[in-house]
């Protein structure tokens, strides 16, 4: 450390004297702005959001009843097939481990 208590080559920086109006202006600039309570309520109850959401839902291509029925049956069939496959695999591994480890259930 240098003789003045600061590291060698360093210098102590002090803020310049500011007037009260400058200090207040800096404080306002640093404070995050918040909407007034009336504006906040208006943003929460924004009707244009709901109008736009309904408009977007009208643009959606909804499947027909037949498409929905076929896709639902497909999901059920694939789920059953995977369940049977995983159950069979589990049964095979159970028998292999019982044989290898000599365990009896």
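Considering only the stretch 56-74, state which residues are surrounded by 10 or more Cβ atoms within 10 Å (Cβ to Cβ) and assigned to a helix (DSSP H, G or I).
Here is the first cut: in the stretch 56-74, the ones surrounded by 10 or more Cβ atoms within 10 Å (Cβ to Cβ) are 63, 67-74.
The answer is 67, 68, 69, 70, 71, 72, 73, 74.
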Residues located in the stretch 1-47, provided they are in a helix (DSSP H, G or I) and at pLDDT below 70: 37, 38, 39, 40, 41, 42, 43, 44
message: Conditions first: (1) part of a helix (DSSP H, G or I); (2) at pLDDT 90 or above. Residue 50 passes all but one, so which condition is the exception?
response: (2)
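The values are calculated or read from the model by the stated rules, or taken from the named source; none is laboratory data. Bear in mind the structure is a predicted one, so any value in this text is a computation, not a measurement. For neighbour counting, all protein chains shown are included, and Cβ atoms are generated from backbone atoms with ideal geometry for every residue, glycine included.
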